[in-house]
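The values are calculated or read from the model by the stated rules, or taken from the named source; none is laboratory data. Everything numeric in this text was worked out from a predicted model, so none of it was measured. Quick reminder, even Gly has a Cβ in these numbers, built from the backbone with ideal geometry, and neighbours come from all protein chains shown. Keep in mind that these areas ignore ligands, DNA and RNA; they rest on the heavy atoms of the full protein, side chains included. Shrake-Rupley method; radii C 1.70, N 1.55, O 1.52, S 1.80 Å.
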Amino acid sequence: MIKVIEDRFLLETENTSYLFRCLPSGHLEHLHYGKKIIISDDFRPLSKKIAYLPGNTIAYGKNCPTIGLENMALEMSSLGKGDIREPFIELQTSSGITTTDFLYDSHTITCSKQDYVGLPSSYGSDEEVTTLVITLKDRYSECTLELYYHVYYQTDVITRSAKLINTGTDALFLDRLMSTQLDFDHSAYKMTTFTGAWVREMQLNHQMIQAGTLVNSSRSGVSSNRANPFFMISAKNATETGGSCYGLNLVYSGNHYSAAQVDAFCKLRVVSGMNPMGMRHTLEAGDCFQSPECVMTFSDQGFGGMSRNMHQFIKDHIVRGVWQHKTRPVLINSWEAHYFDFNEAKLMRLAKKAKQIGIELFVLDDGWFGNRNDDTTSLGDWNVNNKKLPGGIEGLSKKITELGMDFGIWVEPEMVNKDSDLYRAHPEWAVEIPGFEHATGRNQYLLDLTCLDVQDYLIQSMSKVFSSGAITYVKWDMNRIFSDCHSQNLPAHRQSEFSHRYVLGLYRVLDALTKAFPDILFEGCASGGNRFDLGMLCYMPQIWASDNTDAVSRLSIQEGYSYGYPQSVIGAHVSDCPNHQTLRHVPLETRYHVASFGLLGYELNLSDLGSSVLNRLKQQITSYKKWRKIFQFGDFYRIENPTLPGGYNWMVVDEDQKKAVGAVFQKEAMANQMDLIFYARGLDPQTTYHFYNIPTKHNVKLFGDLINTASPVHIKNGSVVQHLVSKVYQLDGEHEDHYVSGSLAEFAGIKLKQGFGGVGFDASVRLFEDYASRLYYFDRAIGGNTNGTFKTDL
Ligand code: DGJ
């Protein structure tokens, strides 16, 4: 909802208010963004009180002698008129002027969300979104700045973007155009960012905001695993369940920049947008430049409340197409099973085992084209390797489909190897500075996506691949960051536009292909999570979160993602042990439990597994399918559990609060451990639920020599006898089974069976070794009362 009362602007969502006003000078004074407030038409209590200008500050102008822009909360800040903080915009006119002063000119309100040309953005029906556009004019140049505000009432989200239009006759040089600026009255906040590297994505950092500037940015060409564009600003005492928390993210896949700056008057300025470093864009007369959309949400329910706002917004207004709300298939991916070393027979063996255990989609990863037997060659040559696959993609996909599974394929279209027919035919299509040695990443070069011919080639070559068989899924990979940025197709003065133009070129390709193949399920990937962002999610409903498939590493990675992204977009696979990235051994159940809080897949050589392991995988998949809707689309809760030190505690709850699944993940086992209590979140306090786990069987090998305290015959640890015994005899795991109200489960907690402490073991003890975990199910109980005579909905 948007209301304008004379010079005052009120933007409201269900639980938040965003207010600003136009000062007599024409600047926009920011007044409030946060919890919804009741306000009359009189905004004066919110306005800054100015009686005099402090010494050593700049007086804005003769007509407003007491306005000092350095100490004002503003909707956008120009450069050069006294505001010396992070600017919203930086430009230079062709006569060299760099001072700007954008002042209010007019505004419009519409009940819709228009598209941004060339850039992906959120979308919503006319009932869901209202738009305010404020037009500002610069006093020093002939250009217009439009500030866009899109208000999504129901999801408590406001998005912002800006457009600069050169209305003059001379060229302009744009050096910065942010997407949003939020000025806070004080700086008692912390900034939380999610940084990392390859196989170590999304590691959370809480940083106190003090004097100076905190920056979260990427200059790698992509949104990057080094610093995801999503970040939070929260009250210093905010927790998972309480306190003010803002979440911000960009609908953009390239270089980004967000800064939290404390000024001389202890106000906080937050800006977020494209990375301005080296981005100069030339705008000829009549040209315009749109900054990517920034998504902002606020919750006074702490990090958890903010996350759930973001999740809902992404599910409803970012992800689109036939897969938007559709549950995703359980897949097997050939990468960690066979890497480059496969042929049709091997793949079919893998596929048959996959089918046997209930897998629904077979994904052929890297290595199927050109001479691609390692990572030095063939990117760009998208012709099937007939030595490996004599029947081509068509033949293989037919065989897989006949088995009763869908078929998917891996591609890395944005890249070229020097050793490829494509490079030999079109060396000018590779990103290279002619005459200089180029740095490679994974032996490959970027294709110059700023060039229309390259874009068209990609659309045409990928259309051919996607039509070459019964393909229902595509994994779109991208395995290097940018270096030696240069296009042989751009003039010298536009080379600084390379990175943004690349991203726009990519979006054009993705737009064309996803429109041409609307039924294909696309999964984004960039060495795992190197391009995990809202821009990609506008085209691809899911993204491979990390090349790290180790479940223990995945706990912090997936929890990191969960702050800003819903489970329905996070690809997560069960892989082999020892794990290929960490060489760690993690119990199979835990590998499944972690992956089930995402889009479950398997990525290991099933053909090498014995029947008992395959049976366990089959049980996992059967159970996941039963609960899949909740795992993928339920409301997600991170639970701070003081009885699980160092561990992780997650829960997903279905929309109507009838069913839920909770999980506890332990890191190292603790001797003589404290009582573990399960504290639920998100349940209906009044409803009674059947709370239970599915007991597991424990392998006698887990007990080693200790088994001899119970065994009638001596079993030597590591012996053949121990191995044979483990085949026929397993120990029963504990069973939890209670009827509890939602309020009991949340506010008192459910005391679980005692953990193993070296003093005997039976089914009343929870064997909780290193990296152990449990899933607990909640089913609404019906037709009874608290005397235990319930039935459940299932
Ligand atoms: C990187 C991806 O993240 C992996 O899953 C795999 O697809 C490889 N590339 C293949 O080269």
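In this structure, is Lys716 farther than 30 Å from His573 by Cα, of a type in the set (Lys, Arg) and not in a helix (DSSP H, G or I)? Here the answer is yes, as Lys716 does meet what is asked.
Being of a type in the set (Gly, Ala, Ser), out of contact with any strand residue (DSSP E or B) (no Cβ under 6 Å at 6 or more places or on another chain) and either without any contact (Cβ under 8 Å) to a residue 60 or more places away in the chain or open to solvent by 40 Å² or more (accessible area, probe 1.4 Å) (or both) is a condition met by at least one residue of segment 212-229.
To keep it simple, each residue is scored yes or no on (1) hydroxyl-bearing (Ser, Thr, Tyr); (2) in a helix (DSSP H, G or I).
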| site | (1), (2) |
| --- | --- |
| Thr582 | yes, no |
| Thr590 | yes, yes |
| Val613 | no, yes |
| Leu617 | no, yes |
| Gln620 | no, yes |
| Lys626 | no, yes |
| Phe631 | no, yes |
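Just one of the numbered conditions (1) within 16 Å of the ligand (Cβ to nearest atom); (2) farther than 19 Å from Arg628 by Cβ; (3) in contact (Cβ under 8 Å) with a residue 40 or more places away in the chain is not true of Tyr339: (3).
Filter segment 471-506 down to the residues that are farther than 30 Å from Lys399 by Cβ, open to solvent by less than 10 Å² (accessible area, probe 1.4 Å) and either within 16 Å of the ligand (Cβ to nearest atom) or hydrophobic (A, V, I, L, M, F, W, C) (or both) and list them by number.
Phe498, Val503, Leu506
Provide a single number: the residues in segment 77-116 that are touching an Asp or Glu at 6+ places or on another chain (Cβ under 7 Å) and of a type in the set (Asp, Glu). Qualifying residue count for the region: 3.
Could you tell me whether any residue of segment 531-549 is assigned to a loop (DSSP other than H, G, I, E, B), over 26 Å from Met232 (Cβ atoms) and either in contact with an Asp or Glu (Cβ under 6 Å, 6 or more places away or on another chain) or assigned by TED's automatic domain parsing to the domain that holds Thr450 (or both)? Checked against the condition, which is being assigned to a loop (DSSP other than H, G, I, E, B), over 26 Å from Met232 (Cβ atoms) and either in contact with an Asp or Glu (Cβ under 6 Å, 6 or more places away or on another chain) or assigned by TED's automatic domain parsing to the domain that holds Thr450 (or both), segment 531-549 yields at least one hit.
Residues considered: Ile84, Ile58, Ile97. Of these, the only one that is of a type in the set (A, V, I, L, M, F, W, C) and out of contact with any helix residue (DSSP H, G or I) (no Cβ under 7 Å at 6 or more places or on another chain) is Ile97. I'd like to check something: does segment 647-662 contain any residue that is in contact with a helix residue (DSSP H, G or I) (Cβ under 9 Å, 6 or more places away or on another chain), outside the structural domain of Gly742 (by TED's automatic domain parsing) and hydrophobic (A, V, I, L, M, F, W, C)? Scanning segment 647-662 turns up no residue that is in contact with a helix residue (DSSP H, G or I) (Cβ under 9 Å, 6 or more places away or on another chain), outside the structural domain of Gly742 (by TED's automatic domain parsing) and hydrophobic (A, V, I, L, M, F, W, C). Meeting the requirement of 1 or more residues that are open to solvent by 50 Å² or more (accessible area, probe 1.4 Å), the strands (runs of 3 or more DSSP E) wholly within segment 264-361 are 288-290. The set of residues from segment 380-432 being part of a loop (DSSP other than H, G, I, E, B), open to solvent by less than 30 Å² (accessible area, probe 1.4 Å) and out of contact with any Leu (no Cβ under 8 Å at 6 or more places or on another chain) comprises Trp382, Asn385, Lys388, Glu432.
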